[in-house]
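Just below is one structure, and these are the notes that go with it.
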Amino acid sequence: TADPSLGIVKGELYLRGKPVKDTILFLSDIIKDDQGNESLVSIDYNTKNRALTDNEGSFTFHNIPPERYALVLVVIPNSFLLLDPNDQSSIIVPVISGEVVDIGRLDYDDLPIPLEE
């Protein structure tokens, strides 16, 4: 049951037009530098803010506290901040209580994972 004070984030992860399946994603806290710029992310691997892509590349984060998060791809033992495939800006996700944030289809030309044929 969805908690109305929390949010949902969903989307699809693609690599060269093909769904990326069985891949771990995190919504990570954003850290500001001394000037107040959002420049770093912090990953807590024990957090509930993680999702696994399915066979169609779809993912959903449930019951996320309202805040702004960075979308991070985790490829054990590394993790990578995902940038918008169109303009290379950081994907910052504003979660709003009781709302679903659909970040849409993210189709990349390259990711640090093997491309399934």
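The values are calculated or read from the model by the stated rules, or taken from the named source; none is laboratory data. This one's a predicted model, so the numbers in the text were calculated from it and none came from an experiment. Please note: Cβ atoms are built from the backbone with ideal geometry, for glycine as well, and neighbour counts cover all protein chains shown. Protein only, heavy atoms only, side chains kept; ligands, DNA and RNA dropped before computing areas. Shrake-Rupley method; radii C 1.70, N 1.55, O 1.52, S 1.80 Å.
State yes or no: is I96 surrounded by 15 or more Cβ atoms within 10 Å (Cβ to Cβ), in contact (Cβ under 8 Å) with a residue 12 or more places away in the chain and on the phi < 0 side of the Ramachandran plot? Before you say what the answer is, go through the steps one by one.
On the way: surrounded by 15 or more Cβ atoms within 10 Å (Cβ to Cβ): no; in contact (Cβ under 8 Å) with a residue 12 or more places away in the chain: yes; on the phi < 0 side of the Ramachandran plot: yes.
So I96 does not fit the description; no.
Which one of these does S28 not meet: (1) loosely packed, with under 14 Cβ neighbours inside 10 Å; (2) among the hydroxyl-bearing types (S, T, Y); (3) farther than 20 Å from D3 by Cβ?
It fails just one condition, (1).
Which ones in region 13-39 are touching an Asp or Glu at 6+ places or on another chain (Cβ under 7 Å), of a type outside the set (K, R) and not in a loop (DSSP other than H, G, I, E, B)?
Y14, P19, I30, S39
Residues of region 73-91 being open to solvent by less than 80 Å² (accessible area, probe 1.4 Å) and assigned to a strand (DSSP E or B), which ones? Please lay out each step first, then the result.
The first filter runs over region 73-91 and keeps only residues open to solvent by less than 80 Å² (accessible area, probe 1.4 Å), leaving 73-75, 79-85, 89-91.
L73, V74, V75, S79, F80, L81, L83, S90, listed by residue number.
Identify the single condition in (1) out of contact with any strand residue (DSSP E or B) (no Cβ under 6 Å at 6 or more places or on another chain); (2) within 21 Å of K10 (Cβ to Cβ); (3) surrounded by 12 or more Cβ atoms within 10 Å (Cβ to Cβ) that S39 does not satisfy, given that it satisfies every other one.
So S39 meets the others, but not (2).
Which residue is nearest to the chain's Cα centre (by Cα), if the candidates are limited to region 99-117 and must be more than 18 Å from V20 (Cα to Cα) and either among the charged types (D, E, K, R) or open to solvent by less than 60 Å² (accessible area, probe 1.4 Å) (or both)? Can you show your working first?
Of region 99-117, the ones more than 18 Å from V20 (Cα to Cα) are 99-101.
Restricting the remaining residues to those that are either among the charged types (D, E, K, R) or open to solvent by less than 60 Å² (accessible area, probe 1.4 Å) (or both) gives 99, 101.
Values: E99: 16, V101: 11 Å.
Within region 99-117, the match that is nearest to the chain's Cα centre (by Cα) is V101.
Considering only residues that are farther than 18 Å from V101 by Cα and part of a strand (DSSP E or B), which ones fall in region 40-65?
Hits for region 40-65 are L40, V41, S42.
Could you run through region 27-51 and say how many residues are closer than 15 Å to F80 by Cα, free of Cβ contacts under 8 Å to residues at least 12 places away in the same chain and not hydroxyl-bearing (S, T, Y)?
Qualifying residue count for the region: 1.
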